[in-house]
Structure formats: structure tokens, C-alpha cells
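First comes the structure, then the notes that go with it.
The numbers here are math on the coordinates, done by the rules we state, and not lab data. Here the structure is a predicted model, which means the values were calculated and not measured. Note that we place each Cβ from the backbone using ideal geometry, even for glycine, and neighbour counts take in every protein chain shown.
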Protein chains: 2
Amino acid sequence: MIFITKVIYLLKRLSKYRTKLGNKKKATIKDIANVLNISPAAVSKALHDDSRISEKTKKAVKQVAKNLNYQPNHLASALRKGKSNLVGVIVPRTNSNFFSSVIQNMEEVLNRKGYNIIITQSNESYKKECANIDTLLFTQVDGIIASMANETVDLSYYEKIKSKGIPLILFDRGENDLNVDYIGINDYESSHMIVEHLVNQGCKRIAHIGGYKHTRIYNNRIRGYIDALKKYHLPLENELLIESNLTTEDGREKMQQLLNLENRPDAVYVAGDYAALGALQVLNEQNIKVPHDIALVGFGDEPFTAMVTPTLSSINQQSSEIGRLAALTFLEHAKKDIVTQSLNKQILDAKLIVRESSKKHI
Amino acid sequence: MIFITKVIYLLKRLSKYRTKLGNKKKATIKDIANVLNISPAAVSKALHDDSRISEKTKKAVKQVAKNLNYQPNHLASALRKGKSNLVGVIVPRTNSNFFSSVIQNMEEVLNRKGYNIIITQSNESYKKECANIDTLLFTQVDGIIASMANETVDLSYYEKIKSKGIPLILFDRGENDLNVDYIGINDYESSHMIVEHLVNQGCKRIAHIGGYKHTRIYNNRIRGYIDALKKYHLPLENELLIESNLTTEDGREKMQQLLNLENRPDAVYVAGDYAALGALQVLNEQNIKVPHDIALVGFGDEPFTAMVTPTLSSINQQSSEIGRLAALTFLEHAKKDIVTQSLNKQILDAKLIVRESSKKHI
DNA sequence: TAGTTATGCTTAAACGTTTAACCAAAAAAT
DNA sequence: ATTTTTTGGTTAAACGTTTAAGCATAACTA
């Protein structure tokens, strides 16, 4: 009898609360506490399955929470706990398959551990990148995972992240000098694979449209290209090694530059797929047979490489694995409460995907 | 003299604070207050240029803030003010040029007004979409801008957003029933433009590989296609109207289905570029001349449409404008403190970009 | 000169959680 | 029967801001 009156009493309190809230204000831990006549602290503990709270109370709390449509206020708990459970991501752009795939896999791993990600794009602009860093720091992210813009040479803004004491993890476009964790592929070896493949196809004059030398990954690709040429006793000529921003447009220009040479190359290795596409367009337009007259290899394995005519050989960069590892690396840092940056490099092996554009004999 | 001692005194306090903080803990408003011997409230007001604070104090506060490398704690202010200055974005995927361009423009407008955006991807999955909504609500976003997954038919989760009292704005893939703001293009008219263009090229049997009928935009494209056929007295045959999920793979399949017909079409209008690409691949593989034997038109004006052979005619969806308008619409809602959802549709005119795949006579 | 107003702050409470420290009552141990 | 331990909580402070309300002091007004 007493039990029943109590239940009725509680139901009354509850419905009173519900009408009072009237879908207007969000229910808080305090509201739940009031309904059950216990302290907010007890509610908080109950919701977190604290061992010092009885099963009965936990059940009741969860029931009332559901009824009041309670949603924890993330801001409050983040403020109190000193962490936001947000991870900031900076990429040059999202509309490349590589970056969007990296992000997707990162998100998957991080979501599972209760983290959300804030994605920002630098559009390859250093200024935008700095703004993004400010934005992310302002939002109190618990860490930042980034791939640097092409333009970026000044690292002071990244030092700012480090000095804030939150983990910074770089992928793809990174910098040794920053002394932080890095996940990427073996660019130097990839160049070797490409040159070796082209040599096997019978190519003798291999050109390279590379990225900016000041960017580590492109520098490594260039070094790989040079060393591989040496290895196969091929001529290393200045006119065959061109620096580019690797956009489609610039790919066109640099290809034209190669075609204007007295002594044309019989193969071109382009350090990015978009630029390789530009190169291919120029070759197609001028009826230069690919791969017969000039073989072509790109870098990145963007989906369109399998769509163009002829299909474009390229390097697969293991985007999913990079995303997964970057996320796991962050989680490692997040586990320990003392932030210790370490130059821990995780270098993955890339795969050469041979397609029509470089298959001389079938 | 007194002035100088005071300055020295302050400098001492400051340096004491700096070493105390020692790059360890972040400086707060309270630290600044302590250095200057004023109240935290005064500091807060000074930083916000409150008129009740003297210029002298403001200057001093800002100077000390800079020296201590003070960064406002966004979580605290968000908690206090009851708003996070975060806008949630849900898109089916980011690696399509359309969505990434929408996002980029949205971001630009919102950043200028002090908002940051959290991007989430549904991967066309209803379940992921629901999880994303929960995530965003949990993160206390001030509003959500979304484009729905293909799978989504149940709108209860979106109702959940509305019931939370934060603005919801849909773009591209929206739903009338939700009764919220919507920004998109005129799909019905776009179909008309395409059919008209194909008729002008002399096509007589025009097929349509469309999206799911239950999605409003695809339904509109289908209706536009049907009505345009009527207008030009062309045969409307069931076998020429196919429903698809519009992936590249499905585009291949559905194209093959059309090729298997007794009476093949002489033009195919595909409601999405990726599916159109699949269709093109099948046609190229079987040496069916495009546009001579079969003309082809896609939808979306993805960059690759200008890369493939032959280049693909398509509809430009005004991504930048959509992003801009979605952001502005959110800001409109954010201005007024009372949230009032309205079915305010902003429909933009799309542009048909004619390329090789549908140019029969040049 | 008294009264009013403007200036430039301070005080204190609030936002919603979390958590260390404490405590009463019940259960177990001696 | 007394002490100890366990159970199931409570209290109060804290996280870093913002803001309404209050209050001296200075400056103007009549």
C-alpha cells in the first residue's frame, strides 16, 4: 500500500515536471534529482554506473531520464572534466578521395571511443590553415590531426598547438622538424617502384612532374626518382625534373613544357593524380598515344584514374589505414594524461596500381 | 615616480604569473584579473569592449591577456550563454564536389559570424545519419544543416531536432513533410531543359535512369522527365524509366539493362553523374558511339564530367550558392532567439552544361 | 550645497556537470 | 554489545565565463 502511494506520488512529480518543462527547456540532472528526491550528484553517479549507487536507484534514474527526454549537457561535463571529447582535423580539402577516405576511417575509430571530429579545410592556403588552427584551439579540441597545406613552410602555428599541450598528429603532408607523430606512406620507395615499372616497360627517358621540394613527401618522391634513375643508369636531366603545384591546370602546363623539349621523354611520372590528369588531357588532345609514345603514371589512386581514357596507373596511398592509424595514435596520447610528443613515424607501404597508361606490352 | 613603481610592480606580478603558469595550465580571465588587481567580471567586460569599462583598463587587460597567451575557454562561455556557436552539418559524403563545395561556402559565411561547423557523413546510411544527429545534438550545436541520405524515409529523427528547438535547414535532399527551410535547385525544370536539349539534338527515344522515387528531388526529376516527354510528344515507355541508387556500379547495370532492350533508346538522361559515368563506361566498352548512337546527359556537374572521354553533359547545381544560402538562412534563425520553423523554400535555377556526350551535330 | 547622473568598477549568482570529502544507517565482525 | 566495515548516498566546491544588480566615486546640475 505504501509502495503504491509512493509510485503514484512519483508519477505525479514526474508529470508535473514534464508539463513544467513543456518541451521548452532541456531537462537537466537536477530535474531528475527533483523528481526522485535525491541529490544531483547521485543522479550523475547513477548515470555513470558508479558502484556506490544501488541498482534500484540506477534503474529509477535511467527511467526518469528517459521519460524527461534527458540529454546530458556536453558543454557542462566538458568544462568540468577539462576535455571536450572533440578532435580537430585539418585537411587541404575534403573533395579528394584520399582525404575523405582518411577522414571517414578516422571518424569511425574515434566515434567508437566517444570522440567527435571537427573537420576544417585549408584549401591549400597557409592563412586559412592558421585560421583553422585558431578555430580548433578556440573550440577546445582535445587534439588535432592534420595534413598540411602545400603553401605551409612556417611551422610556428603548429608549434602553437604543441605549446597548448594537446596532442598533434600529422599525416601525409608532415614535417620532420615538428617532432610529432606522423603517419604516411613510403614516398621514396614508391618512386622507386614507379621508375622500376617504367624501366620494365622499356622506357628510357623518364620525366618527373613533382610537387614542391620544400614539402617533405614531394621531396622524398623526387629523391626516390633521382636515385632510381641512377640505379638503372638512366640519364638524369634537369629539363626532365619539373616542380609543380600539382593542380590539373598546372599538370597541363608542365606536360606542354615537356612536349616542347627537343628531346621528349618517353614516360612521365607525375607526383599527383590531378596533375597527371591534366597531363593526360594534353597528350590526348595532341593525339600522342599513351602509353605507346609516352607512358604516364600518377600518384594517389583517385577513383577517376580508373575512369579516364586510357586508365591511369597510380600509387595507392592506403587512405583507410592512414585514417585508422592516425585515430589510434591520438587515442594513445589521450589515454595518458601527460602529453608527450614524440617523433613516432608510421610509414606504410604503398601499392602501385598498373593500368593502361603505362602498359606498353600486354 | 609612483607611476614607474606601479609599472614595475605590475610587471613583477605578471612575470610571477607567467612562471607560475609555466606553459602548464591555460591562463584564465581570473589570472588576468589577479595581475591587474581587478575583478574577473571587469576583465570579461574589457575583453568584450563593454562601454562601462575605461579605455585604460581595456588596454591593460588586452595587453596582459596577450602576454599570458590567454585564450578564452569556449566551453565555459558556451555553457554560460547557452549556445555553442557550433553548427552541425550532415551530408551523405564529402568526397563529391557538390557537397564539398557546399560545405566550403557554408563555412566561409558562418566563420565570418563566429560560428564553426562540425561536418559528419552519413555514407548514405540511415543508421549512420541517426547516429550523426545524436552526436550533433549531444555536442550542443546551435543548429543543423543537412542533406539526407538516400535511404532515409523515416523522418522521426529529424523531428527530434525540431523538438529540441534548434533550427534545422535542409538542402538538396530534403522533405516537404518536415516543414523546415530548404535550399535546392529546380529539379523539375532541369529535367525539362535536358529533354528539350536532347530533342533538339534529334533524339526520339529518351531513357531516364533516375534516383529513388521516394526522394523528393529524384521524384521531381522523374516528373520533369515525364512531363517533358509529353510536351514533345515522345513515347513514355516503362522500360525506358529505371530507378537506381545512382552509384557508378548501378549506373553500369542499368545501362546494360537498357542495351538489352529490343528497342534501344537513342539518348539516356541519368539523374546523377556517378551513375552516368558507369553508363558511359559500358557504352565505351561495347564500342557504342556516344553521342552518335546514344547521347548521354548526367546531373551534378562533377569535375570528372569534363575529364572523361567523351566529356559528359551535365547539370550544374550551384553548389556555392546553395552553401551560402543555407548558412545565411541559419544565421537568420540564429538572430531571433525564438525558434520558428517555417517551410521557406529557396529554389535556384540550375544550368545545363552541354559537353561532347550529347552534342550530335557540332 | 544638495541632488542627480555618469563612470567604472565589484559582488554574487548562474550555466550543468563532476568529484572529493563527508556522513548516517545498516550490516558484518569481534 | 561494541566496534568496524560496507552501503548508499549527501554536501559543497569546482570548471571558466557571463551578467544582473549593486555601489562607490567623480562630475555635472540647479
Fill in the blank from the handout: Going from the fewest other Cβ atoms within 10 Å to the most, one would list A:Ile209, A:Ile347 as A:Ile347, A:Ile209
Exercise for the section: Give me the aspartates and glutamates in straight-line cross-link reach of A:Lys66: C-alpha distance below 20 Å, same-chain residues under 8 apart excluded. Expected result: A:Asp31, A:Asp49, A:Asp50, A:Glu55, B:Asp134, B:Glu159
Practice task
List A:Arg52, A:Arg252, A:Arg80 from most exposed to least, where exposure is judged by having the fewest other Cβ atoms within 10 Å.
Solution key: A:Arg52, A:Arg80, A:Arg252
Exercise for the section: Considering only A:Ile32, A:Ile315, A:Ile226, give the residue with the highest GNM mean-square fluctuation for chain A, with springs between Cα atoms whenever their separation is below 10 Å. Expected result: A:Ile32
Completion exercise
Output for chain A (equivalent-ellipsoid semi-axes, sqrt of 5λ from the C-alpha gyration tensor, Å, descending) is 57, 20, 17
Problem - Centroid-to-centroid separation of segment A:218-258 and segment A:24-58 [C-alpha atoms, Å] - result: 65
Handout entry: For A:Gln71, inter-copy label distances in nm, listed shortest first [label point 7 Å out on the Cα-Cβ vector]
Key = 2.7
Problem - Inter-copy separations for A:Asp349, label at 7 Å along Cα-Cβ, nm, ascending - result: 5.8
Practice task
Before anything else, pin down the relative contact order of segment A:265-321: Cα pairs under 8 Å, at least 6 apart, normalised by residue count, whole percent.
Solution key: 35
Fill in the blank from the handout: Of the listed links A:Lys128/B:Lys128; A:Lys351/B:Lys213; A:Lys26/B:Lys113, those spanning more than 32 angstrom between alpha carbons are A:Lys351/B:Lys213
Fill in the blank from the handout: Between the residues A:Tyr182, B:Leu241, B:Asn284, the Cα farthest towards the positive end of the dipole of the protein assembly as shown, that dipole coming from +1 and -1 charges on the beta-carbon of Lys, Arg, Asp and Glu, is from A:Tyr182
Fill in the blank from the handout: With the dipole of the protein assembly as shown defined by +1 on each Lys or Arg Cβ and -1 on each Asp or Glu Cβ, the option from B:Ala306, B:His48, A:Pro310 whose Cα lies farthest towards the positive pole is B:His48
Completion exercise
Note: A:78-85 gets an average of partner chain Cβ contacts (10 Å, Cβ to Cβ) equal to 4
Completion exercise
Output for segment A:229-331: GluC sites (Glu not before Pro) sitting in coil per DSSP, at most 12 other Cβ within 10 Å, listed by number, reads A:Glu262
Problem - Most positive-pole-ward Cα, B:Val102, A:Gln346, A:Ser163, against dipole of the protein assembly as shown from beta carbon charges - result: A:Ser163
Practice task
Find how many whole Å separate the alpha carbon centroid of segment B:285-304 from the alpha carbon centroid of segment A:181-216.
Solution key: 34
Handout entry: Members of A:Lys62/A:Lys164; A:Lys58/B:Lys25; A:Lys45/A:Lys335; A:Lys30/B:Lys162 lying beyond 31 Å, as alpha-carbon distances in this model show
Key = A:Lys62/A:Lys164; A:Lys58/B:Lys25
Completion exercise
Magnitude of the Cβ-charge dipole (Lys and Arg +1, Asp and Glu -1) of the protein assembly as shown about the Cα centre, nearest 20 debye, reported as 5280
Handout entry: Qualifying aspartates and glutamates (Cα of each under 18 Å from Cα of A:Lys336; at least 8 residues distant if same chain)
Key = A:Asp142, A:Asp181
Handout entry: Residue-averaged beta-carbon neighbours from other chains (10 angstrom radius) around B:28-34
Key = 0
Exercise for the section: Please average, across the residues of A:95-104, the number of beta carbons from any other chain that are within 10 Å of each residue's own beta carbon, and give a whole number. Expected result: 4
Practice task
Scan around B:His208 for amide H atoms under 5 Å from its own, H built in the peptide plane at 1.01 Å from N, and keep only partners 5 or more places away or cross-chain.
Solution key: B:Leu241, B:Ile242, B:Tyr269
Exercise for the section: Could you pull out the trypsin sites (Lys or Arg not before Pro) across segment A:88-127 that fall in loop regions by DSSP (anything but H, G, I, E, B) with no more than 14 other Cβ atoms inside 10 Å? Expected result: A:Lys113
Fill in the blank from the handout: Distances in nm between the label point of A:Tyr232 (7 Å along Cα→Cβ) and its equivalents in the other copies, shortest first, are 5.1
Fill in the blank from the handout: From DSSP H assignment alone, runs of 4+ in chain A each adding -39500 (n - 2.57), the sum over residues rounded to the nearest 500 puts [θ] at 222 nm at -14500 deg cm²/dmol
Handout entry: Square roots of 5 times each gyration tensor eigenvalue, C-alpha, segment A:263-315, largest first, Å
Key = 17, 12, 9
Practice task
Please report, in Å, the Rg and the Dmax of the protein assembly as shown, where both are computed over Cα atoms only.
Solution key: 29.7, 103
Exercise for the section: Kindly state, to the nearest 0.05, the FRET efficiency for B:Ala131 paired with A:Lys204, given R0 = 51 Å and r defined as their beta-carbon distance. Expected result: 0.40
Problem - Sequence-separation-based contact order of chain B, relative, with Cα cut under 8 Å and 6+ spacing, percent - result: 16
